Structures are given as structure tokens and as C-alpha cells.
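What follows is one structure encoded as C-alpha cells, with my remarks underneath.
The values are calculated or read from the model by the stated rules, or taken from the named source; none is laboratory data. Remember, predicted model here, so these are calculated numbers, not experimental data. Cβ: placed from backbone, ideal geometry, glycine included. Neighbour counts: every protein chain shown.
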Amino acid sequence: MLLESNHINILLSFVRSISKSNDPDQLLSHNKRSSLLLNFLLKQIRDHTESDQKLLIDQRLENTIIALAYLAVELNDRCKIRQDIITVLLDFYQRIPTAKYYELASYNYKYALPPAEVFSFCLHTALTELASTSEDAKTRDNIMFIIADVIRKFVESIRKAANNHAKERYQSIYRYEVPFLFGALRSIGRISVNDQSLISQLFPISFNSSTQSIYIEQKESTNNSLNNVKNSTITFRPIISKVLSRSILSSTNDNIPQLLYSNTNNSIHNGDQHDYSSKFRSLSSVESSDLGTSKDDLPMDSLFFSVSGSSYHHRRKSSSLSNLTSRRFRICVTVPIIEHIHETFQLVDNRVVRFLDKAAIVEYDSVHRQNSYKSYSKRYFPYTYFGDVLILCIIKFFRDNLELLSKSTERLLSMTKATYLFVQQLITIKLLDLDNDEYRKDPHRYRTRVDANAAALELLCLSCDDESEAEKLCTKCAEKFSQETISIKLLAAQMPLLITSLEILSRLADKYQSLATYSIRVLCDFLTEPSPLLFKLYRHTSQKLDEEEQNSFITDDIKSSKEYRAFQIFEKLRDSAIEGICKSLFIRLNSDPKCVEALLTQLSARLASGPINDNSDWMFNIVLLDAAPLKRRTSVRQDIDKEKYGNLLQTSLVSHNTILTLGHMAIALKDVQHTQQSILARFQQRLGDPPSPLDILIINQIGCMLISSLPQATYEEIIRLFTEIIINSTFPINDSTNESTTTGRHPVKYKQASNAVINALANVAANIQGTVELMNLLTSILELFVQLGLRAKDASEKSTKNALKVSNTAGSLGVLIPVIAVVMQRITVISDPSERVFRLFQRFWFYCVLYGFADAEGGLWPTEWHDCVRLIATKSPTLVSQSVSYVPLKAAMPLKPEQITKEDNTGLKSKLNAIFSTYLNAKAFIDRFGFEQSAYTLSVYYLETYRVRYSLVPSAFQCIFSYLEDPGLWTLMTAVGRKCFDIYVNEMKNFPKSPERNKNLEVQCQFFMVKRTHVRNEVREEAKYYLHSLLSQNAFPNLFCNSVIIETLMNIIDILSYSLNEDNLHKVIAHHRVPNTNYTVQFVDTHEKRLELFNAFVDFGRMFTEQALMISQTLVKSCIQQYMFKLEQGKRNSDAVRQHKGLHVMWEYLSTYSKTVDVNGASNGNKLYYRTDFADYMISLSERNAAVGFVEGLDRNDYRTALKQVKNDMENAIHDRLSSLD
């Protein structure tokens, strides 16, 4: 069979290895094995081609052809091998019309289309790309004319059989000729939109690693809890509609994994991949049965090898033809070739179509009556008809290739006219008629004809060259929207045709700008009149909701369920119409600059018109499918008569469509002056007047506006609106005061909008682009958090019941925590905040402590909020900053002294005593703390412990030194630091052994060494404690023999010795960078203190070296040796080693701690002590230096001779050693 897995994979691996070479010709000339294999493959094809017997195409020959074609496409046009392959392929190709094709595929054939069609599709894809990558125009035309001639031979053969009623040809036609023709028409002339070839996309490199590093597996399991903190807890409903995500916000789709489109098929995201390859379907059936799955999401082999009539057009359609980015592929189908093929298909008339259908029916029945094929033959003999599929493929061939060609030549204009007449002829002989009764008899055939009609509409749009014809086509498209008697199933089947009709309106407006006004009117009426089709789909979904409300069966994933296919179709039609309106408006702007404002006025009138029921929740239930999770509520539909229900539902549909249209216009037309401001004003006017689920929909559209780039004034206006909604809905003003908000509306009108605003902000946080924009949004959300905190404290003081106090006030802050976490997840650690951001984070952590968000053991709030607080801690700035002006703690607190109660301070102190109960001196300090000191210490504790526990970067623990180095914050900061250090050590112990862990420990040890030289004695003592604890037997004693740490030790000693130079005491720089690190050593002021610091560090170095030598003397000496060579590398006659004080001290350590051997004196009998290890070390160092000098002095020939001698000596030594062991 085609692409038999083992055979084709071996061939493709072979040809890929050649194609990736910089010079394939040279590679084959040197690599005899590859050359022999390639020549064998070419000879195999030549033998089949040059044989006098009839060409027999078997499965292995198919695989060889495809592999060689793949190689030729990937090779450069100048390669000699490519020309040889093209010659062989074309010789083979010209014999295909008379060839005999193998009858049956093997049992494990996995595709739904016939093998001949799949082979033809791959072969013609490759031949087209060979022509399009050829630099020679004659070669391109030669390949394409050969293809056109072969196609003509197939068509003439089929026509001759039809004229002669040749029943004996049925089998060949059914199994080989017609499927081969289908595959050719679906692929000829198509080129890739980028530099990756289509043939390589059909056969991508698939690498499945059978083994995996043990430490990687351990790391994945160890970090599982961390991943849960960062990802799984942040879930919000997406607000970006499909049409926005596809056309406007496609560049901003780096959102967090949780913000998936809820109307997307969940099984795809859950890893449950559907087997699309094993089922034969039409393209429209893919559209209608897998509405949640975009065709672009399907694997290419699943689509093109299993879906009848599929072509590359839909993948090119997402990238406009004017934006083709490929410089590698040229358009290869010229007007003469299209004319040649057009003449060929003039031979296909009604009689040929009927003959093919007869052959398909007879052969299909014949194959399925044979017992040996019953179980699996249907998979590769799927066709029960041919005529409609042939018409579909012919139309798509002309459509795709005419779309690629330029419209500049007269000859092309005549060709487009000819194709226009060809389609009209098909309509005249009723080959494109849609008989709705046919759907009940054969749904698959009906869908194929729908596909053909949709492709014919696109072809008519391309080929019509007269404005009057274009106007007729617009009218014809508009008529399709007025069907009133069509059923939901037929609507689903006709969906590709309806969507194409909507798209044609805007495309014709682009072609003939005078039609833009007509297109806008038709599309606007389709949404707001509304169209009977839309209303039928809308009403059907609403009735489904009513039924399930009564059964209490409303679920969160209801929108993606098969029962709600009507709403999915409704979405697609609505989104296509909205997109068409925006495109037509762009076109109309050239001649009528005020067309946008005119349409806005019209839509605003639609939004404001119509009766509104007081109890509108149930009526707008369907709106929630686009706006928010559905809620269980009692349906009251039975209390309203049918006519009134229909009127209310129609009002709901009009409002629904109008809001989405305005939202899309605000983004698509954002460059049109005042459009966004005007739409925002209309949204504000409608928001909460009266309250309804439409408010949620409006909030979603305003959120989408925030995601797009907005003027600063509009951005601030939206943030103010969102702030007002949240604050006034959370802390409503008493009705008796008759007060109102700044916009003059009563806060009760925002009752449905508060949660929608939170959800919209989360979507904005996940999708907005730009570092500055993210920081601005973070600042706005933190300011809102702080405002809510102040109001919550005021409200809690007025509450008499403690339970209500906590739940009703602090909960309003908690809902913002996941939103802040979404922003923090997308930014880097905030290391140098502005004063505004710094103060906001101070207050954020203050409220987290005050209301218990940081305390996961309290059990008061959802675990998701606590997880988000931990995530925020990993990116938060420290709560002390050198770049921010100092403000006393009491002044920095957001609460006034009168707002702080004795109970508040007592509660915080009790928490501190519980946390630091193991520190004997802590209680005395805590008892003297005021409220601001208690709150600040707890804030630092939670922030830094969470940072260390849930951040894997080495700098996480180092943040604690920001507090230790501040003279005013020493109280209890040492206890916080030691708590953090214990957490760090435990996390590193639990972390699997890996290069990442070793690097983390190295960096931490270097940092502690540097901090041991700090100008403040208290900081030095803390760093000494951390360093000794890290190197202890209970932690990581292996660090004693780490070369990086030993080098850092020597470098710091060298830097400290430099500071002792009396001559340069006042000239040395205050800060000196430690080599190969990001840290600096700051010198103290006086010589006495510098000497004291130097001696203390030298003593530490002596202890360090002693411990390291006890673990591994050889390793330590090797590290020192290596460092010496690193200092002298590339430097001749360098004094770097001689002047490096760190090396001198290390040599002293080695001579002191090496082993001693006693030997009797020769004359007086006294014992002489000498240090054998240090002597051996110096001898080996001298020998190594001599060897390096000897090698550097060799010329190339002497070097090779010496290398060979060393190799022989090593081999002899190993052999002797093994012999001695034996």
C-alpha cells in the first residue's frame, strides 16, 4: 500500500539525509553507500518504465516514486541529481495512463480514500512543486504541459468508455482511473504559502523518543505541584469570539492554557485525538459534524487522504493571497495550461457523468458482495457515485488556480469568462441543483453537491468581469438567507454554502466598490432583521435550554455538545456576517468617510428598540452561551403566549447580534477616527439599563477592546468604568440616600456585571501584548485591589457578625487575586519597581496578611486563591527597596490609626508567635511590636517563604539579603531568613540530581561567599551561617570539591588581598567584581578592617580546603591545576599565576595539609620530613606545563606523529594492565 509504514519511513529517512546536505552532489560522490542506494532506486523505476511490457504499479513502486519526488523537491534546482530524478519521474508519469494498478491494498491500509487517489494526490503535489521551484521557465511549462496531457488522456479514455457503454471497463475506472483523476485535480497547481513544501507537510518528521533521561522524569514528577500552582488553578471563561481570535487577535493568542475557547471540542485539548483518517467523509461533513474542530487543526494526511474533495485552498485561505511569504515557490500554472485543461473538461458532459455514476454503483455493489472483502474493503472502495465528486474537483481546480494568477493579461480575462460560462453551463444542465429531498436519500451526496455549489460561487466571484453580473450574484447570495421552511438538519448540511454566500458579498464589494453599500445592507439585515435562518437556529437552541432547565441538566460544556449544533452553526453564520460587514465598511470608507458613523447610529437604534421584559433572565438565557456560564433557573416560558415569546426572542437575537457587531467593529475599525470612543459611549449607555445578561455580553466586548491597542484616554475610561462597576456592585450605596454613581446610574444596575468584569480583566491579562501594557494593567488591577481593601475595612467595622464581616468584605478582594496571578505569570520578576508599583505591592501583601489570603492553613478561602498568592510571590518585588524614598512603616500603612483595632494587632502577634516559636528571643520583640510592624513582618515572611518554595531560580533566596542589609529592618528578619533557608535546603534535597540543581547550588554558594565580605558584620555572620549550613554533612558536602566554587574562593582571596595594598589604599575602587559571576565585593573603609576581613576569609578558606582534601585530594588538585592553565590561556610570558594571591594561599594549604613521610638521615640519624603529596603535585604540574609547551611548539606533521605515539603508548599501557589483571 502507499506509504507502507516501514518501507516509506526508511526511504524518507534516507532522502531527508541527502536533502539536508549543503552539497548533495558532493555527498553522494564521497558516500558510496548512499550513492549506490539512490542509483538502485532510480534503476528500479527505469526498469519499470523502459520495459516493453505494460507498466505495473505496485505498492513498493509507489513508495519509491514518492520518496524520490520528495527528495527532488527539497533539493536545490542546480543539483545534478535533481535533474536526473525529474527525468526519471516524468518518463514514469507519461506511462501512467496505460499502466495497470494493483487491485487491493493490504489489510492495514489506514486511509479512507482509494490508494490510487492518495498516490495521485501526493505525486501531483510533488510534480507541481518541482515545477514551481524550477528556475527555468521552459522546465516549468514542460512539467505542467505533460501533466495536462496525461489528464487529457485519462478524460478521453473515460469519455470513450462512456460512448461505447464499456461495462468491462467499470473495474479499472472505479478502482484506478477516476480516483487518480480526483487526486490530480485536488493538487495540481497548488503551492505553499511559506517556504516549507507541501509534500514535506504531508509527510512530517515524526520522532517518538523511546527512552528518556531518568532525572527528567524525576524532575517532572517533582515539579508537578509547582506546575499545578502556576497553571491549573487559574481558570476563566474566554471572552474572545472565534471571529476575533481568527482575524483580529491572532497575534495575541499566547494566552494561558486555561483560557481555551469553551466552544472548542474539549477532547482535542484533553489529548483524546479523533481518528479522522479511517472514516470517509465529504468536506462539508467535516464542517458540520466537527464544528468544534477547525480544519486547520486536522493533520494533513487525515484531511487530504480521507476527506473527498479536499484541497489546499482552505489552508491558503487563512493567509490572504497578497501576503504570500514564500520566495521559494513560483506560480507554475499559466493561462495556456488552464486553457488546455479547460478544453479537456469540455469533454465531460451529462452522459459521461451518468456513466461514471453507473460504474460506481455497479462496482460498489460488486465489491461489497464478495465475502473476502466484506470486513474491510469498504474503507478503500468508498464511492457510491462519481459525477458530483468529479464536478466538485473540476470547479475547485479552476477556482484555486485562477485565484493564484494575476488579473493583468487579456488572455486571462478571456479564460475567466470561459470558466464563468462553464459554471453557468453546469447550472443549466442541473449538475449543481440542490434537491432537498435528496438529503434524506443520500446525505453524503447532498453534502458533496453543497461543496460544489460553494466552490462554484467562489469561482463565479473570481470570473465575473461585469458589474451587472456581480450585482446578480449578490442578489443570488442574498436570496439564500430568506429560506423559511428549511429544517435544522438541512441547515447544517448547507452551512458551507451559506458561509460562502456571506463571504462572497464582501469579496464582490472589494472587486466592485459600488456594491459595498448593498453588501453592508444585506449583511446588516441578516443580523438585525433578522434572517429567518438565524432566528430558526436561535429559537431551536433557546427551546433546548428551556427543556434542560426543566430537567436541571445545564452543564458548563453545554455549548460544545452535539445537542447544541444549531448554536454552533448560528455562531459560524453570525461571525461570517460580522466579518463581512467590517470588510465592506473598510471598502466603503474610501468613497463615504461617514459610513461607519451612519451604521453605528443604525445599530444603536436597534439596540435601544424593542420591549424589555422585567424578568429578562430567562429570556436571555441563550445570550449566556456567548457571555457566561449557564445557571439553573426556573423557566417561565409557559406563562407567556407563543406570539409574545417569539417577539421577545427576536428582540433578544437582535440585541445579541448588535452587541457583537459593535464589539467587532470597535477592534476591526479601530484606526477609523472616534470609532472606539463612539462605540464605548453606546455600550456605557446600554449597560445596566435595564440589568440583564446582555450586560455580561457588553462587558466581554469592552474587554476585547482593552486587549487591542487603545488610545490612552480610552484605556483609562474603560479601567474607570470597570473599577466603578466592581466597587459599586460590591459595596452598594444605600437606596434611601438617593445617591448615584458618577455616571448617574444606580449601582443596583451593575448586579450582573461585577463577575463579568473580573472575567474580562482575566482575559485581558492573558492576551494583552507588550511589557509596558502588562505593567499598566497590573498597576490598574493593584490599585483596584487596594481601593477594595480600604472599603472592605470600612464595611467590616460596621458589621456586627464576625462571619459576615469576613465573607462579605474580604471576598471582594479575593476574586481579583487570580487576575493578578495571570498578569504575574506573563512577566519577569519585578526587581526594580517604580515607587508607585512598590507601594502597591506593599499594600497588596498587607491586605493578604490582614484578610488571610496568604495563610493557606486558615481554610477560610478557596485553595485556588492561596495557590495564586504563591504564584504572585515568585514574581513580586521585595518589600524593601533602595531606589524608593524611605517612608516610615506607620505612614506606609494604607489604614488610618483609627481603623486599626486591638483585635487586629493581637491576631497578627499570635500568628507571629506561632511561626517563630522555636526562636527564643522572638517573643520579646513581637510583644513590643505595633500593628504596622507585625503586619510588615508577616508580609515579608509569607512573600519570601513562598518565593523560595515555589521559585526555582537561585536569586529567589537571595532576596532575603535585601532586608538583612537594611539597618532599619534587622528585627526578626534573621529569623525570617533562617526559615527561608531551611525551606531552600529541603527543596534542593527533594529536587532530583541534575545539572540545574548543581548550578543552583553553585550560584548560591558563590553568593554566600561574596556576602561573607559584606561591610556590615551582622550580614557577614548571617552569610557565614548559611554557607556553613549549606556545606554541612546534612546538606551538600559535595560542594567542597566543586571547581566553580574553588575558583570563586581563590578569586575572592585575591580581591581582598588587593584591597590591602598600602600604596593604593585610597585609590582602589569601592566595588570589585568577582570574575565569572554577577556579584561584587565592596571594600570596607580602613586598612585594619580590611586586614581583619582578609584574615577571616583566609581562615575560612583553610577550613574549606581541609574539608575538600579529606573528600578528594585528587579532585581538588586537578581543579587548581585547571584554573592555573585557564589564567595563562592565550597569554605568553604571563605573570597572572605568579601574581594571583588566591593561588598562593591555596598552594600553602596544599603544602600544609599534604601527607608527611619520615626518612632516616644518612649521617646523624635525625628524621627528615617532606610532603610527598605536595611534591608529587608540583612535579605533575611541571610535567604538564612541559607537555603543553612541547605540544604548542610542534608543527602540524610533528603534532600528528606525537599524537600517534601517545595513542600507541596508551594502548600498550592498557594492554599491559589488562594482562597483569588476568
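Scan the stretch 1019-1036 and tell me whether some residue there is of a type outside the set (K, R), at pLDDT below 90 and touching a Ser or Thr at 6+ places or on another chain (Cβ under 9 Å).
yes
Does L12 satisfy the criteria of being assigned to a helix (DSSP H, G or I), closer than 19 Å to K110 by Cα and either among the aliphatic types (A, V, I, L, M) or in contact (Cβ under 8 Å) with a residue 40 or more places away in the chain (or both)?
yes
So which residues in the stretch 834-851 are polar (S, T, N, Q) and surrounded by fewer than 22 Cβ atoms within 10 Å (Cβ to Cβ)?
S834
Within the stretch 904-929, track down each residue that is outside any helix (DSSP H, G or I) and surrounded by 15 or more Cβ atoms within 10 Å (Cβ to Cβ).
Across the stretch 904-929, the qualifying residues are F916, Y919, F929.
Quickly run through the stretch 671-721 and pick out the residues that are among the hydroxyl-bearing types (S, T, Y) and either out of contact with any Ser or Thr (no Cβ under 6 Å at 6 or more places or on another chain) or within 17 Å of I768 (Cβ to Cβ) (or both).
T675, S678, S708, S709, T714, Y715
Hey, could you check the stretch 578-598 for residues that are touching a Cys at 6+ places or on another chain (Cβ under 8 Å) and within 13 Å of Y518 (Cα to Cα) and say which is surrounded by the most Cβ atoms within 10 Å (Cβ to Cβ)?
Top of the filtered list is I581.
Might you check whether a residue that is under 25 Å from V155 (Cα atoms) and either touching a Gly at 6+ places or on another chain (Cβ under 9 Å) or assigned to a helix (DSSP H, G or I) (or both) occurs anywhere in the stretch 51-60?
Yes, because at least one residue in the stretch 51-60 is under 25 Å from V155 (Cα atoms) and either touching a Gly at 6+ places or on another chain (Cβ under 9 Å) or assigned to a helix (DSSP H, G or I) (or both).
In this structure, does R447 turn out to be in contact with a strand residue (DSSP E or B) (Cβ under 8 Å, 6 or more places away or on another chain) and either crowded, with 16+ Cβ neighbours inside 10 Å or polar (S, T, N, Q) (or both)?
Considered against the rule, which asks whether it is in contact with a strand residue (DSSP E or B) (Cβ under 8 Å, 6 or more places away or on another chain) and either crowded, with 16+ Cβ neighbours inside 10 Å or polar (S, T, N, Q) (or both), R447 comes out as yes.
Under 7 Å between Cβ atoms, at least 6 apart or on separate chains: pull out the pairs that start in the stretch 805-817 with a residue that is within 15 Å of L784 (Cβ to Cβ) and end on any residue that is of a type in the set (S, T, N, Q) and modelled with pLDDT of 75 or more.
Pairs found: S812/T730.
Find all pairs meeting these conditions: Cβ atoms under 6 angstrom apart; at least six residues apart or on different chains; first residue within the stretch 1021-1033 and under 16 Å from F1097 (Cβ atoms); second residue part of a helix (DSSP H, G or I).
Listed by first residue and then by second, the contacts come to E1022/L964; A1023/F1008; A1023/K1011; Y1026/F981; Y1026/F1008; L1027/F1008; L1031/L1039.
Being among the aromatic types (F, W, Y) and either under 20 Å from K100 (Cβ atoms) or surrounded by 24 or more Cβ atoms within 10 Å (Cβ to Cβ) (or both) narrows it down to one residue among F180, F145; which is it?
F180
Here's the yes/no breakdown for (1) among the basic types (K, R); (2) in contact with a Leu (Cβ under 7 Å, 6 or more places away or on another chain); (3) modelled with pLDDT of 90 or more; (4) on the phi < 0 side of the Ramachandran plot:
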position: K801; (1), (2), (3), (4): yes, no, no, yes
position: V819; (1), (2), (3), (4): no, yes, yes, yes
position: W845; (1), (2), (3), (4): no, yes, yes, yes
position: W861; (1), (2), (3), (4): no, no, no, yes
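Examine the stretch 931-949 for a residue that is outside any helix (DSSP H, G or I) and over 39 Å from the mean Cα position of the chain (by Cα), and state whether such a residue exists.
No.
Please verify whether R1073 is among the basic types (K, R), surrounded by fewer than 19 Cβ atoms within 10 Å (Cβ to Cβ), at negative phi and touching a residue at least 40 places away in the same chain (Cβ under 8 Å), treating the condition exactly as stated.
Taking the combined requirement at face value, the residue does not satisfy it.
Quick grid of which residues meet (1) in a loop (DSSP other than H, G, I, E, B); (2) crowded, with 16+ Cβ neighbours inside 10 Å; (3) hydrophobic (A, V, I, L, M, F, W, C):
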residue: H1028; (1), (2), (3): no, no, no
residue: T1048; (1), (2), (3): no, yes, no
residue: R1090; (1), (2), (3): no, yes, no
residue: F1094; (1), (2), (3): no, yes, yes
residue: A1108; (1), (2), (3): no, yes, yes
residue: T1114; (1), (2), (3): no, no, no
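Has the stretch 1161-1178 got any residue that is within 30 Å of R1016 (Cβ to Cβ), hydroxyl-bearing (S, T, Y) and either in the same structural domain as V1044 (by TED's automatic domain parsing) or at pLDDT below 70 (or both)?
Among the residues of the stretch 1161-1178, not one is within 30 Å of R1016 (Cβ to Cβ), hydroxyl-bearing (S, T, Y) and either in the same structural domain as V1044 (by TED's automatic domain parsing) or at pLDDT below 70 (or both), which makes the answer no.
Is it fair to say I578 is modelled with pLDDT of 90 or more, of a type in the set (A, V, I, L, M, F, W, C) and within 24 Å of R237 (Cβ to Cβ)?
yes
Checking the condition farther than 29 Å from I725 by Cβ, at pLDDT 85 or above, in contact with a helix residue (DSSP H, G or I) (Cβ under 6 Å, 6 or more places away or on another chain) and not β-branched (V, I, T), which residue from L840, L879, L871 passes?
L879
From the list D47, D25, D52, which residue is out of contact with any Phe, Trp or Tyr (no Cβ under 8 Å at 6 or more places or on another chain), acidic (D, E) and modelled with pLDDT of 90 or more?
D47
Name every residue in the stretch 852-875 that is in a loop (DSSP other than H, G, I, E, B), of a type outside the set (D, E) and surrounded by fewer than 23 Cβ atoms within 10 Å (Cβ to Cβ), in order of residue number.
Matches in the stretch 852-875: G852, G859, L860, W861, P862.
Suppose the filter is touching a helix residue (DSSP H, G or I) at 6+ places or on another chain (Cβ under 6 Å), surrounded by fewer than 20 Cβ atoms within 10 Å (Cβ to Cβ) and among the aromatic types (F, W, Y); does F722 pass it?
no
For the stretch 1016-1026, give me the residue count where each residue is part of a helix (DSSP H, G or I) and either among the basic types (K, R) or farther than 25 Å from L1091 by Cα (or both).
Residues in the stretch 1016-1026 being part of a helix (DSSP H, G or I) and either among the basic types (K, R) or farther than 25 Å from L1091 by Cα (or both): 2 in total.
What do you reckon, is Y439 in a helix (DSSP H, G or I), at pLDDT below 90 and of a type in the set (F, W, Y)?
yes
In the stretch 708-734, which residue that is hydrophobic (A, V, I, L, M, F, W, C) and within 15 Å of Q677 (Cα to Cα) is modelled with the lowest pLDDT?
Once the filter is applied, the top-ranked residue is L710.
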